[in-house]
Every structure is written in structure tokens, then in C-alpha cells.
Amino acid sequence: MDFNLSDEHRMLRESIAVFADKELRPIAEEIDRTDEWPDGLWQKLADLGIMGITVDPQYGGAGADILSASLACEELAKASAAVALSWGAHANLCCNNLNSHANDEQKRKYLPPLCNGQHLGALGLTEPNAGSDAVNIQTAARREGDHYVVNGTKTFITNGPIANTIVLYAKTDKSLGPRGITAFILDTKFSGFSVSRKLNKIGNRGSMTGELILDNCIIPAENVIGQENKGIAVMMGGLDVERAFFGTYALGIAEAAFTEALKYSKERVQFGRPIASFQLIQQKLADMFTLIEAARLLCYKAAIMADKARGGGKGTEVHQIAAAAILFTAEAACRITEEAVQIHGGYGYCVEYPVQRYWRDAKLGTIGAGTSEIRRLIVARELLQM
């Protein structure tokens, strides 16, 4: 296995790192405090060329691979997990899904404004009673002539309150269970769509999360992604890529927390010497470093495999590895950020030190895109072929 990134990957990572240091790190605490998205930031991300990072160039994207997108996510998350989360929901959950599954006419209509920053994207899957049990969604769509009438509620939707375009899942035949799911492209200007509320979260503040209402929402039949009752394949393929991609979101948070903890341990003096000289602190730092390096390899492997699966490789293999990657990395990030707070002592519990933000942000990694419990089930089922 080649552990070296290509020149293109390294250049991309460096450019995102420079952007994150200049544009995000100075305002990350303000984003968290106000729970507001900064004016003009979406356009800056568009100018950086990453709003449609994996989208084919003919539709306005950069045409990069999943590993490139994952590296970008990692660097953004080091500076602001909230920005990485909202950008990822747009670039991966919406744009990459459309690029992978929509037809040419749909791509030409919806992808260019998403790639140039004029429009924002989201994924409409989770419901109040269908979180980890994603295939049990209750949002219903019925065909009436040249359109569908959709009714239901979606919740915990990243970018939901501000999105223009949403990849939406609904049941078109409830008698078929998971095989009765259809994927749609929802324009939030369609009649019957509304945002009921913005959710107030303890972490990833600044990334808008909302509850969406579909009340006799009219979606044209031409906005079906693929075929009616064939949305489960779109959903599962999207979840595999999402897990591979967002593993590096957790990785970036962990790396940022470790950097702060290492720096603080060298500066903080107790009993007449830096706390970094104490063996118990050294043990924490060594364990944190080891977890990060192990997580990095697993995340990058999952991203590379997701690209192969997108190109016709083995789907079941990436299903397992992507789940394992985000499972390990998200739980490692929670441990690393907690240790970073611990190393800071009482100061780690104060808002002026960023480790408390990393600690709050990291927890989402064990919940979103399927909980840690669901990821363990996925890995086990693939091992046992159940």
C-alpha cells in the first residue's frame, strides 16, 4: 500500500490548510458563540473551488476524487468543525449524490448553481421516528399525473434552514418497505415546503440544522432520481460515501485538539516544571498521537475504496470499511478531545480555550450518519454475511 499522497492531493491539502488558517481559525470562536454562519463565507468556499469538489467539470465541479474531498474536510474541521459539517453536507450529501445518481438533464439544471455558490444543498433523510432506522422513513409521496404530492417531516437536516436544493427520500409504495423508497430532487421553492424550526445544538454551532415540513409539497415527476421505488440503492450508496467522507471530519477535530493539548503541556508549569515532563501526561499524548495516526490510515483507505466503488468496484467491501473508519475515528476523536480538556485542567472547561469546543463538536461524529451502534452492526453483518 502506498502511504504517500499524490502531488495533487498534497497541493489541495496545503491550499485548504492555508485558507482555513486565514479565513476560519480567526472567526471559529465567534461562529460557535453566535451560532451564525458568517456573511460571504459560502462564496469564499466557492472561490476556493470546493463547493462541487467531486462533481464532473462539465457541470461546474472540480472533478476530484473522494480522497480529495476527505482531505479538504479534514483541513476545514481542524479550524472549524461547523464549517466542515455544513460544507460537507452541501458538497458530499447533496452535490456528490446528484453527480453520482442524477440524469444528465437534472445535473445540468441543478449542479452548476450548487458548484458556483449561488445555491446551497442538503440531504433530506432523517425523520423524527427514523434516525438510525433510515429505511423506515414515513414521508410519503404519491404520483398525480406529472408530479408527486409529498407529505412528511424531516429533522436534524444540516443546511436545512438555508438550502435551495435537497436530495429527498420518501416512500412511494409503503407495502414494499425499503424497496418502496424513491429519491427526489427538491427545490425548496416548491409549493408545500417549509422550515418549521432551526435546532439549537451544543456543538457544531454555526452549522444550521433544521426541521423541514412537506405539506402536500409538489415535486415534478422529472425530479425523480433514477426510478420510482429504486431509491434504496441511491440511499445506501450515499451512506457509504458519507461515512467514508465524514471520518475525516472527526479526524480533523481530533488533530486540532491534540495540537492544542501538546502546546499547552509544554507551556503549563506545575511543581516547578512543564506538565509535559510528567509521565502520565506523556502517556496521554502518546495514546492520542497513536489513535490519530491509526484513524488517518483507516479514513484514507475508506475514501480510496469509496472511489473504487463509485467506479464499479466492490460495494460490500466499502460498506464495511467505511462503517469501520467512521466508527473508530469518531470514538477516537471523543477520547482525544476529552483528554485534551483533561490536560488543560480547569482551563479546558473555560470557553476561552478552544479544546472545549472540539470536545462538544466531536460527539456528533458518534451520532450522525448512523450511530456507533449501527456502525458496529454493519461491520458485524458484513463479517458474518447476515
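Per-residue ellipticity at 222 nm computed for the chain from its helices equals -16000 deg cm²/dmol, with DSSP H segments shorter than 4 residues left out and the rest contributing -39,500 (n - 2.57).
When a 1.4 Å probe is rolled over the protein heavy atoms, the share of accessible surface on the stretch 53-201 that falls to carbon and sulfur comes to 46 percent. Could you work out how far helix 7-19 tilts from the main Cα principal axis of the chain, as a 0 to 90 degree angle to the nearest 10? The angle comes out at about 80 degrees. Rounded to the nearest 10 degrees, the inclination of helix 315-344 to the longest alpha-carbon principal axis of the chain is 40 degrees. Listed values for the stretch 122-131 are Karplus-derived 3J(HN,Hα) couplings in whole Hz (6.51 cos²θ - 1.76 cosθ + 1.60, θ = phi - 60°), namely 7, 10, x, 10, 5, 10, x, 10, 9, x, and x replaces Gly and Pro. Derived from the Cα gyration tensor, the three semi-axes of the equivalent ellipsoid of the chain are 36, 21, 20 Å, largest first. Per residue, the accessible area of the chain comes to 44 Å², computed with a 1.4 Å probe over protein heavy atoms only.
Taking packing as the residue-averaged number of other Cβ atoms within 10 angstrom, the listed peptides 11-21, 26-36 run from highest to lowest as 11-21, 26-36. Computed in the context of the full set of protein chains, the accessible area of the stretch 204-273 at 1.4 Å probe radius has 52% of its extent on carbon or sulfur.
With contacts taken as Cα pairs under 8 Å at a separation of at least 6 residues, the stretch 102-236 carries a relative contact order of 28 percent. Positive contributions from Lys and Arg (+1) and negative ones from Asp and Glu (-1), summed over other residues with Cβ under 10 Å from the Cβ of Leu24, come out at +1. Taking all Cα pairs closer than 8 Å and separated by 6 or more residues, the relative contact order of the chain comes to 16 percent. Across the stretch 243-250, coupling constants 3J(HN,Hα) worked out from phi with the 6.51/-1.76/1.60 Karplus curve, θ = phi - 60°, read 5, 5, 5, 7, x, 6, 4, 5 Hz, and Gly and Pro carry x. Under 5 Å between amide hydrogens, built in the peptide plane, is the criterion, and for Thr155 it picks out Thr126, Glu127, Leu212 among residues at least 5 positions away or on other chains.
Ordering 323-331, 207-215 by mean Cβ neighbour count within 10 Å, with the highest value first, yields 323-331, 207-215.
Taking every C-alpha pair closer than 8 Å and separated by at least 6 residues, the mean separation divided by the residue count of the stretch 247-346 gives a relative contact order of 45 percent. Counted over the stretch 131-194, the DSSP beta bridges are approximately 90% antiparallel.
Across the stretch 150-161, computed HN-Hα scalar couplings (Karplus, 6.51 cos²θ - 1.76 cosθ + 1.60, θ = phi - 60°) run 10, 9, x, 10, 10, 9, 6, 8, 5, 6, x, x Hz from first to last residue, x flagging Gly and Pro. Neighbours of Leu291, meaning other residues whose beta-carbon lies under 13 angstrom from its beta-carbon, give a summed charge of -3 when Lys and Arg score +1 and Asp and Glu score -1. The Cβ shell under 15 Å around Lys189 holds other residues with a net charge of -1, Lys and Arg each +1, Asp and Glu each -1.
Return the whole-Å distance between the Cα centroid of the stretch 162-190 and the Cα centroid of the stretch 267-293. A separation of 50 Å, based on Cα centres. Within a straight-line Cα-Cα reach of under 18 Å, Lys301 can be paired with the following lysines, leaving aside sequence neighbours fewer than 8 residues apart in one chain: Lys314.
The values are calculated or read from the model by the stated rules, or taken from the named source; none is laboratory data. Keep in mind that what you see is a predicted model, and the values were worked out from it rather than measured. Note: ideal-geometry Cβ built from the backbone for every residue, glycine included; neighbour counts use all protein chains shown. These accessible areas exclude ligands, DNA and RNA; they are computed on the full protein's heavy atoms, side chains included. Shrake-Rupley method; radii C 1.70, N 1.55, O 1.52, S 1.80 Å.
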